[in-house]
Every structure is written in structure tokens, then in C-alpha cells.
Amino acid sequence: MLRYLTAGESHGKYLTGILEGFPAGVRVSPAYIAGQLRRRRQAPGRSARQAVETDEFEITAGLSRGVTTGAPIAVCLLNSGRALPAPSSLPRPGHADLPGMLKFGTFDATLVRERASARETAMRVALGSFARRLTEQLGIDINSRVTALGRLTSLNAAATAAELLRARRAGDTLGGTFEVTAEGLPAGLGSCMHWDRRLGPRLAAAMLGINGVKGFEIGGGFGLAAESGIRAAGEPELSGGLDGGITNGRTLTLRCAVKPVPGLPGGAPSTDLRTFGKKLCVSKTSDTTAVFAAAVVGEHAAALELASALLEKFGGDSLPEIGARLEEWRKSTGKILRRL
Ligand code: EPS
């Protein structure tokens, strides 16, 4: 079993992450992790905060000369934009502030927002980079693409930039949808034998656990509700690579809907929990959209879950051991799958 934990506040000194149960023998260069962090940090639509973040990190355990050892992996990721915000009893609407203040019995919204912040997803990318390297070295290719920015569905660099500029000038923010695919997965990951062993709900939890993600689909998703059985049977890719919670050897396709960033530069009406005075809650550092960054996080969140499922099926303490078992499995299942 692969498990991971993160700690750290958005404006704390650094984020901390531990990845446990990861096999030995996986080559992971710091440059690779830095590249993945850069993809998240420099995604379109990010706030001015990203210009001061360098995502400098140190791997303090579990890696020797660029190769994993089988020991728990520990990562420290520095926060550069470190001006701790002043305490505030004004919750930002649409964020975790209000329910978090009620839940934890505090009048200080910053105590909640510091941890609820999407800054934490930088650590999920850092730890997910290890899982992504493992899957890559086993011949599995995980990718993502943004499929909608607000109402814009034919995306190219120019249209995206224009739509982001339009929203920024209007003091507005945008949501969107993204897709994560995994190609080269063997059939047989996950299980139909108990609901919580199904890969679908496990991937759903990983993807819905990304800040701002409100919707999740596998393959044809909600569209399948309107399909007839005959039509659906004719298009097996609509199952999105999973049948009965088990990978079927086809491309895995996951789709997520990201809500528009609730922090508005022009301000959103809120109520101070100490005075009950009505005030505008102004967010100067909000992203214009989080959908491009979330897509990168989605790849890594999916990679962690898929790596875990691979380890459950093929066991092994080192990459060569897992690789040999997987190759045997691909040979034997391939003989059947190729004849269908
Ligand atoms: C975030 C608000 C902004 C973002 C932050 C996520 O930060 P702040 O207002 O605390 O300066 O920049 O994202 C990151 C720092 C990051 O690295 O993703 C929020 O409220 O979620």
C-alpha cells in the first residue's frame, strides 16, 4: 500500500510531505520534480503570488544518488511568498473560511485558509512526481488537458489568453473542466469484490480532493445517462477504461469540473463574525482560474492512486521485481485481449 501525508500552511516556512510504501530502484531526478512543479506554478491564470514562489525543495529521505531506496520519502518544499496575513474575522465567501471557523471554533479566518489554500497542492505534485516516474518506468503514460475555460471550449493559447484577460479586466474569475488520461495500464487493477476496492471511487476521492473540484466523471460520465444500451455497447471507450471498478486494458479517462475561484478582486459581500458588520471581502491575490493548475495536480493525484493499485496487484519491493511481474501479466492477458 502506498500512502502519503502532507503538512504545512500557505504562508508557513515550508510544506512537508511523506510518501510511504514506495518501492526501491525508481530513478527520480530533482530536475524532474522541479519540472512538474513548474508546470503547476506557471499554468495560465495564476495570481501574482506565483511570481514570488520558487518552489525550491529538498528531498531529505528515501532517495540515494537519484534512486529510491524503499524507505519513506520525505520532501520539504519552501514557501517564498511568506508574508503571514493579519488575523481576520471576515470569512471569504465560497472558501473554507466560514465552515472552518465554525468547525474549529475560531474567529480567525486565516487559521482555516492557511491550510485550506491550494498551496498544499504543490506538495501533492512533488510526491505525485515519484508515482508518475514509477508509472512511466512501467510503460504507463499519464497526461492531462484542459477541455473548457469557463464557457470557452475551443482552446488555444491565443483564445485562452484573451479569455483570461477579459475576465481579469472585468474583475471576474473562471472555472473550467479538465481531463486526465492514463495509457498503457494493464487490465486487472482495482477490484469488483468490495465497493471500496473499486478503482473508480478511489480515483474519485483523489480527484474530488483537489481544491475547487466540484464534479467528476469516468469515461462517458453523466452523458452515459442519456445513451441507450445498444449505443453504449458499441462504444466501449465510454466506460473510460474501467468496468466493475477494474481496469480493462483501455485508456483510463477521468474528467473534472473546477469551480470559478471564489476570491474576487472587486470584492464579494461578507459578514464579520465578531461585529456582524457587512463588509466587502476583497481578494487581491486570487488566481483568475485554477483549472490549468488543477489539471497538473490531477495527473499527480491520479498517478499516486494508480501507483498504489499497481503495487497492490504486482507487489514487489523494487522496480525490477514489479517490472518483471507486470511484463509476465501483460504477456498472458495480452494473448486474450488481442483476440477479442
Ligand atoms: C490561494 C490563494 C492565493 C494563491 C494560492 C492559493 O494565495 P494567497 O492569497 O494566500 O497569497 O496564490 O496558491 C498558491 C500559493 C499556490 O502555490 O498554489 C487559495 O486561497 O487557495
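Couplings for the stretch 82-92, taken from phi via the Karplus curve 6.51 cos²θ - 1.76 cosθ + 1.60 with θ = phi - 60°, read 10, 7, 4, x, 5, x, 8, 9, 9, x, 7 Hz in order; Gly and Pro are left as x. At full extension, residue 268 and residue 324 could sit 14.5 nm farther apart than now, given 0.36 nm per residue minus the alpha carbon distance. In summary, the helical segments of the chain meeting the span-like criteria, namely a full DSSP H run, a Cα extent along the axis of 30 angstrom or more and a mean Kyte-Doolittle hydropathy of at least -1.0, are 291-314. Under the combined filter of DSSP loop state and at most 11 neighbouring Cβ atoms within 10 Å, the stretch 223-331 retains these trypsin sites (Lys or Arg not before Pro): 274, 284. Solvent-accessible area per residue in the chain equals 48 Å², computed with a 1.4 angstrom probe and all protein chains kept. For residue 313, the aspartates and glutamates whose Cα comes closer than 13 Å to its Cα, not counting residues fewer than 8 places off in the same chain, are 305, 321, 327, 328. The largest-to-smallest principal axis extents of the Cα set in the stretch 88-337 are 69, 39, 33 Å.
Taking the protein heavy atoms of the chain in the context of the full set of protein chains, the accessible area attributed to carbon and sulfur is 57 percent at 1.4 Å.
Per-residue Karplus couplings for the stretch 272-281, computed as 6.51 cos²θ - 1.76 cosθ + 1.60 with θ equal to phi - 60°, are listed in order as 5, 6, 8, 9, 6, x, 7, 9, 8, 9 Hz, Gly and Pro entered as x.
Scanning residues 5 or more positions from residue 61 or on other chains, those with amide H under 5 Å from its amide H are 74, with H placed 1.01 Å from N in the peptide plane. The relative contact order of the chain, computed from alpha carbon pairs under 8 Å that lie at least 6 residues apart in sequence, is 23 percent. Computed per residue of the chain from DSSP H runs no shorter than four, each worth -39500 (n - 2.57), the mean residue ellipticity at 222 nm is -11000 deg cm²/dmol.
Summary of packing: across the peptides 332-340, 126-134, 178-186, 26-34, the per-residue average of other C-beta atoms within 10 Å ranks them, highest first, as 126-134, 178-186, 26-34, 332-340.
The values are calculated or read from the model by the stated rules, or taken from the named source; none is laboratory data. Every value quoted in this text rests on a predicted model; they were computed, and no experiment measured them. Every residue, glycine as well, gets a Cβ built from its backbone with ideal geometry; the counts of neighbours run over all protein chains shown. Side chains are part of the model used for accessible areas, which takes the heavy atoms of the whole protein and leaves out ligands, DNA and RNA. Shrake-Rupley method; radii C 1.70, N 1.55, O 1.52, S 1.80 Å.
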